[in-house]
Amino acid sequence: MLIVNKTARFFSKPLKSKVYGLLRTFHVHSGTCFRHKLVLGIETSCDDTAAAVVDETGNVLGEAIHSQTEVHLKTGGIVPPVAQQLHRENIQRIVEETLSASSISPSDLSAIATTIKPGLALSLGVGLAFSLQLVNQFKKPFVPIHHMEAHALTIRLTNKVEFPFLVLLISGGHCLLALVRGVSDFLLLGKSLDIAPGDMLDKVARRLSLTKHPECSTMSGGKAIEHLAKQGDKGHFTINPPMQNAKNCNFSFSGLQHIIDKLIRHKEKEEGIEKGQILSSAADIAAAVQHTTACHLAKRTHRAIVFCKQRDLLPPTNAVLVVSGGVASNLYIRRVLEIVANATQCTLLCPPPRLCTDNGIMIAWNGIERLRAGLGILHDVEDVRYEPKCPLGVDISKEVADAAIKVPLLKMTI
């Protein structure tokens, strides 16, 4: 963990010169008068360099993003130093493009919001250091953002959702269920005990060598699994969801990954092909792992809804279930979760797919939410830290487990 006391020391010379170049570019105030609060959001928690300007009404004035997906597909996974270097190379351009598209200068901003937790340390450091230079130069308030809080609150940008609501956050790095009672008021009901669902799907895609599949060569692992699963038979292989006897809201995906690995090895031997070649049954395996993942997510979410309603934490009818994060863009998983929502008299809401993956809009919007609530607005940034690992809210998962709620079986047929 880095304590940023003298931000200039953190920069490599190339990054420092880029920041100063940006400051020179926008040193003169644009002269435009804005009635609404404006927040610049900067996101570098993992492998996307993103920025956006959002006003307090939810209007997106401008945004830009640089995806590193193509680079990391070639390396078979995210390499933190490579991600860091790509952030350094692109952050100035992304912020410049965002401000240009917004027709504003940094002087017009009400605050700068930046992801500082959780995420890859080397990636977080780039965004934080760059942001603090802007904050110090233009004397703007700084709003440190929890990446998962931003994912959870994105739905309030696109839909009129009041507190409280239940959120399932599923991505490449995270998996959790939380009750959202306010902008920074979360009760954690359950989380993954090992890896995240997006990480597991990516690893299965790599094991199936889907980058060699003509239809999937440019897709991320999760997207490749979803695409190929449409052509497969999910019932061809019988794979039981994890933790079926554990009456809590926690998740586990590493065991499922190992089961799939074993299945792939068996099929390679059966078909007489080497590792790295495409199995004839690849689509069936993709369909099976996607369905099993969806069922696992659905059952834990079902239990969370029942728990919250039993304790009057959610309204008995018309409660809202929000599903967000990168894996929430998987339409099959959404449809399975909709079965749970319908069975429990909940409304299922998801941000549009482009706002499910990491983006600057959700960071800027989280900044707007915090400005409105007067929470976490910093005018002194001397002791700002980035935190690669950081929990979300108050953990009540033991209380959920102690309740030992048995949920009824639902037919997950799509």
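The values are calculated or read from the model by the stated rules, or taken from the named source; none is laboratory data. Everything numeric in this text was worked out from a predicted model, so none of it was measured. As a convention, Cβ positions derive from the backbone with ideal geometry for all residues, glycine included, and neighbour counts pool all protein chains shown.
Miscellaneous remarks
- Only a single item in (1) more than 25 Å from Asp47 (Cβ to Cβ); (2) out of contact with any strand residue (DSSP E or B) (no Cβ under 7 Å at 6 or more places or on another chain) is not met by Thr357, and it is number (1).
- Criterion (in contact (Cβ under 8 Å) with a residue 40 or more places away in the chain, under 14 Å from the mean Cα position of the chain (by Cα) and surrounded by 24 or more Cβ atoms within 10 Å (Cβ to Cβ)) met by exactly one of Leu176, Leu201, Leu166: Leu176
- Leu378 meets all of the listed conditions (1) under 20 Å from the mean Cα position of the chain (by Cα); (2) over 16 Å from Cys308 (Cβ atoms); (3) at pLDDT 95 or above but one, namely (1).
Table: residues versus (1) free of Cβ contacts under 8 Å to residues at least 12 places away in the same chain; (2) assigned by TED's automatic domain parsing to the domain that holds Glu226; (3) surrounded by fewer than 23 Cβ atoms within 10 Å (Cβ to Cβ).
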position	(1), (2), (3)
Asn330	no, yes, no
Leu337	no, yes, no
Ala343	no, yes, yes
Cys346	no, yes, no
Ile361	no, no, no
Trp365	no, no, no
Ile368	no, no, no
Glu382	no, no, yes
Tyr386	no, no, no
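- Count - residues of region 348-404 that are among the small types (Gly, Ala, Ser) and over 27 Å from Leu157 (Cβ atoms): 4
- Residues of region 216-239 that are modelled with pLDDT under 95, within 26 Å of the chain's Cα centre (by Cα) and part of a loop (DSSP other than H, G, I, E, B): Cys216, Ser217, Thr218, Met219, Ser220.
- In region 84-143, residue nearest to the chain's Cα centre (by Cα) [restricted to those that are more than 18 Å from Gly376 (Cβ to Cβ) and among the aromatic types (Phe, Trp, Tyr)]: Phe130
- Between Arg372, Arg334, Arg354, the distinction of being modelled with pLDDT of 95 or more, out of contact with any Gly (no Cβ under 6 Å at 6 or more places or on another chain) and over 23 Å from Leu187 (Cβ atoms) belongs to Arg334 only.
- Given (1) touching a residue at least 12 places away in the same chain (Cβ under 8 Å); (2) under 25 Å from Ser192 (Cα atoms); (3) surrounded by 13 or more Cβ atoms within 10 Å (Cβ to Cβ), number of the condition Lys406 does not satisfy: (3)
For every residue, the table says whether it meets (1) part of a helix (DSSP H, G or I); (2) within 23 Å of Cys249 (Cα to Cα).
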position	(1), (2)
Ala113	no, no
Leu128	yes, no
Ser131	yes, no
Val135	yes, no
Pro144	no, no
Ala150	yes, yes
Lys160	no, no
Leu168	no, yes
